[in-house]
1. On the principal axes of its Cα set, how long, how wide and how thick is region 33-96? Give whole Å, largest value first.
2. Which part of region 68-103 falls in the paramagnetic zone of R42, meaning amide N under 17 Å from the point 7 Å along Cα-to-beta-carbon?
3. When a footprinting reagent is the concern and you count Cβ atoms within 10 Å, what order do H119, H164 take, fewest first?
4. Using a cut-off of 13 Å between beta-carbons, work out the net charge of the residues near L153 (Lys and Arg +1, Asp and Glu -1, L153 not included).
5. Give me Rg/Rg_expected for region 46-172, where Rg uses Cα atoms only and Rg_expected = 2.2 N^0.38 Å with N residues.
6. ³J(HN,Hα) across region 90-103 via Karplus (A = 6.51, B = -1.76, C = 1.60, θ = phi - 60°), whole Hz, x for Gly/Pro?
7. From the phi of every residue in region 169-174, what ³J(HN,Hα) in whole Hz does the Karplus formula 6.51 cos²θ - 1.76 cosθ + 1.60 yield, where θ is phi - 60° and glycine or proline is x?
8. In the neighborhood of T73, defined by Cβ-to-Cβ distances under 9 Å, what is the net charge if each Lys or Arg adds +1 and each Asp or Glu adds -1?
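Each value in this text was obtained by applying a stated rule to the coordinates, not by laboratory testing. Because the structure is a prediction, the values reported are computed rather than measured. Cβ sites come from the backbone with ideal geometry, for glycine too, and all protein chains shown count toward neighbours.
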Amino acid sequence: MSSPPAAADQATRSLREPELRAPADGPLIQVTGLEKTYQTARGPLTLFKDLDLQVVSGELVAIVGQSGAGKSTLLHILGALDAPSAGTVYCASTNVATLSPRQAAAFRNREIGYVWQFHYLLPEFSAQENVAMPLLARGQPKREALAVAANWLREVGLDDRRDHRPGELSGGEQQRVALARALVNNPRLLLADEPTGDLDEHTAGQVFDLIERLHANHGLTSILVTHNMDLAARCTRVLRLECGRLAMSPTGLKRNST
Ligand SMILES: Nc1ncnc2c1ncn2[C@@H]1O[C@H](COP(=O)(O)OP(=O)(O)OP(=O)(O)O)[C@@H](O)[C@H]1O
Ligand SMILES: [Mg+2]
């Protein structure tokens with residue numbers, strides 16, 4: 001699911017066509033009237049109805065909500081991994097709903113860094129090779145890709161773990177490598193789906209510290225799905241997904257009113 005897509009020149013060219021682009025100075029994410037219905041054996045399952053979302057550049061937004069509310073599905077739609085049933089979804093100034101599979105792959109490669117609850121690192125490769133993978137998928141020469149990956153590993157505090165395979169790393173270290181891999185292509189957006197959900201409280205706090213630092217240092221716009229309200233409260237805004245819509249969570253209101 002998190003396999004790095006190859007960039008396609010033609011797809012990248014078509015993404016510059018005006019009808020796929022949002023106004024240059026608008027919010028980085030602008031979702032209007034989003035609907036998502038899955039067709040299941042038991043009939044249609046509607047997750048979102050008329051959902052709106054605006055995120056401006058530089059925000060670190062937490063999305064919380066009950067299991068099954070549709071948080072992962074929303075991230076998948078923003079990241080062009082799933083298609084909306086209706087509505088418009090501009091993400092990183094691109095109308096993601098209209099992208100062909102090739103365009104979606106190029107879009108993800110260029111604009112989106114994705115981190116999941118589980119690291120999905122490739123077990124037979126070293127930490128450095130895992131981080132270099134998206135660059136190799138873009139056709140960057142191996143020596144260069146490994147050098148860039150080494151810099152990222154230094155940035156996430158794992159300079160001395162370069163040669164370790166994922167099975168030789170702790171859970172927190174694995175997530176640090178996954179973060180380095182997500183950002184190695186310098187995307188504008190970081191989408192993180194319960195990135196600390198599999199970690200103990202202390203390690204979760206450390207990984208969140210790192211996300212905050214990377215977010216600030218690289219001028220990212222980030223959306224973080226979490227069940228951890230303490231971590232959510234550290235974000236610039238907390239939105240609760242409930243009954244198919246997003247609303248400001250009381251945690252977010254409290255923080256924003258201080
Ligand atoms: N491809 C699919 N086809 C049909 N139903 C789906 C599909 N993907 C997800 N769902 C359903 O959509 C609902 C929302 O799923 P989603 O994974 O987005 O929830 P979530 O809020 O991320 O939950 P959690 O907090 O447990 O991760 C669930 O009830 C799930 O069963
Ligand atoms: Mg989920």
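1. That gives 41, 25, 20 Å along the principal axes, largest extent first.
2. What the label zone holds, given the 17 Å backbone N cut-off, is 68-70.
3. Values: H119 22, H164 17.
Ascending Cβ contact count within 10 Å gives the list H164, H119.
4. On the way: positive: R154, R161, R162, R176, R181; negative: E129, E155, D159, D160, D163, E173.
In short, -1.
5. Details: Rg = 17.3 Å, N = 127, 2.2 N^0.38 = 13.9 Å.
Normalised Cα radius of gyration, region 46-172: 1.25.
6. Running phi through 6.51 cos²θ - 1.76 cosθ + 1.60 with θ = phi - 60° gives 9, 9, 6, 6, 10, 7, 5, 5, 9, 7, 6, x, 5, 5 Hz.
7. 10, 6, x, x, 5, 4
8. Working: positive: K36, K71; negative: D82.
Computed value for this residue: +1.
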